[in-house]
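Reading through the structure tokens given below for one structure.
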Amino acid sequence: MDGTLPLRSVMRRIAAFAATLLLAGGASADLFGYEVSVAQTEAGRLRHLGHRLAKQNLLFQLHLAGQLKADVVQTVADIDRVIETLERGHSHFSIPAPWTREIREQIQEVDRSWGPLRSIAVANPYDYLRVNRQFMDAENRGNDPLLLRYFDALTDAFVAESEKLLAIYDAECRKTDISPVLCDTAAISGYSAMLAEKATREITYVVAGIDADQNRERLVQTVAQYEKASSANDDSPFFESALSPERGKAGEAARELLGSLRSDWIAIRKNVAMLEAGDEQNFELDQLVQVQEQLVEKMERLGAALLRYANIVYGV
């Protein structure tokens, strides 16, 4: 490594500095509450995109589920866009540029943790191990020839920094005069999607026989977290009103989407029961990955619909 910054990083830092100048002297009081919640939601996307990337990298390195390198690169591009949007702001989507030093500095921490992970993820398959070694403190591959654990460790660090950023936006959201319901909706947006991506990665490890016992234990915990999260809003007045028949077509569409993604989860859960019972031989990983990706896509659509409804009711 020669210490020089890639052009991508240089341009992003220039853009972030320009955005900072434009907002110099600004404060959260100058922002609409819903703008803060939208930025918070965007920060939350980094969590499930990070776990998606780790899942895709694992599947690609093990040649499972027909995973393509192009899909890995696409997820990298998605993460790039989120980070750049938070650094610079996006007026069309009502996402403000950072308005406090704490936000700016934490976005920089997210970007720093993203750098090594990004470089490894986009590396040519023939250069994958070489690029990994550029960032490792010491080469210690052991029984991990594809350095999958190292990629996971980088992912966990990236997700942890993203969680910190999400918490900062959440605190800023609660300083505004909007209802905490909107802040709550933004805070949990993408959480279930993150757990679904994480569970699929753990399932893949179990099926592949890599750290199977540890990942089976993690899978049980992740499934429990998912089921707790998915039922948390069952008695929520906000959730009930968002799905109300009185909302006409919008409420009907939200109810159908919720029912569909719950059906997908039931299908996934039946397969997970096989692994919990120790039956990896009859497990259809390709089919599960396909259903899980459909599930996450529906979650993103439902989360966006709920956030729009919350903005209409509580955001202005």
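The values are calculated or read from the model by the stated rules, or taken from the named source; none is laboratory data. Worth saying up front: this structure is predicted, and the values here are computed from it rather than measured. For neighbour counting, all protein chains shown are included, and Cβ atoms are generated from backbone atoms with ideal geometry for every residue, glycine included.
When you check Thr75 against the structure, is it at pLDDT 95 or above and either in contact with a strand residue (DSSP E or B) (Cβ under 9 Å, 6 or more places away or on another chain) or under 20 Å from Leu307 (Cα atoms) (or both), yes or no? Taking the combined requirement at face value, the residue does not satisfy it.
When we screen Phe158, Phe151, Phe135 for residues that are free of Cβ contacts under 8 Å to residues at least 60 places away in the same chain and hydrophobic (A, V, I, L, M, F, W, C), the only hit is Phe135. Could you grab me the full set of residues in region 222-238 that are surrounded by 13 or more Cβ atoms within 10 Å (Cβ to Cβ) and either touching a His at 6+ places or on another chain (Cβ under 8 Å) or within 19 Å of Ala196 (Cβ to Cβ) (or both)? Selection gives Thr222, Val223, Gln225, Tyr226, Glu227, Ala229, Ser230, Ala232, Asn233. Checking every residue in region 287-309 against the condition of being in contact with a helix residue (DSSP H, G or I) (Cβ under 6 Å, 6 or more places away or on another chain), part of a helix (DSSP H, G or I), of a type in the set (Phe, Trp, Tyr) and under 30 Å from Phe32 (Cα atoms) gives at least one match. Looking only at region 261-273, residues that are more than 12 Å from Leu288 (Cα to Cα) and out of contact with any helix residue (DSSP H, G or I) (no Cβ under 6 Å at 6 or more places or on another chain) come to 3 in all. When Arg88 is tested against the conditions (1) closer than 20 Å to Tyr34 by Cβ; (2) of a type in the set (Lys, Arg); (3) under 17 Å from the mean Cα position of the chain (by Cα), the lone failure is (3).
Across region 239-251, not a single residue is classified as part of a helix (DSSP H, G or I), of a type outside the set (Gly, Ala, Ser) and closer than 26 Å to Leu288 by Cβ. The number of residues in region 56-105 being outside any helix (DSSP H, G or I) and aromatic (Phe, Trp, Tyr) comes to 1. Taken over region 249-285, the criterion of being closer than 23 Å to Phe238 by Cβ and either assigned by TED's automatic domain parsing to the domain that holds Leu59 or among the acidic types (Asp, Glu) (or both) is satisfied by Glu252, Glu256. crowded, with 18+ Cβ neighbours inside 10 Å and either touching a strand residue (DSSP E or B) at 6+ places or on another chain (Cβ under 8 Å) or modelled with pLDDT under 90 (or both), is that true of Leu243? No. Just checking, does region 228-242 include any residue being outside the structural domain of Gly33 (by TED's automatic domain parsing) and under 30 Å from Ile120 (Cα atoms)? The answer is no, given that none of the residues of region 228-242 is outside the structural domain of Gly33 (by TED's automatic domain parsing) and under 30 Å from Ile120 (Cα atoms).
Screening Glu202, Glu197 for residues that are surrounded by 20 or more Cβ atoms within 10 Å (Cβ to Cβ) and over 26 Å from Ala304 (Cβ atoms) leaves exactly one candidate, Glu202.
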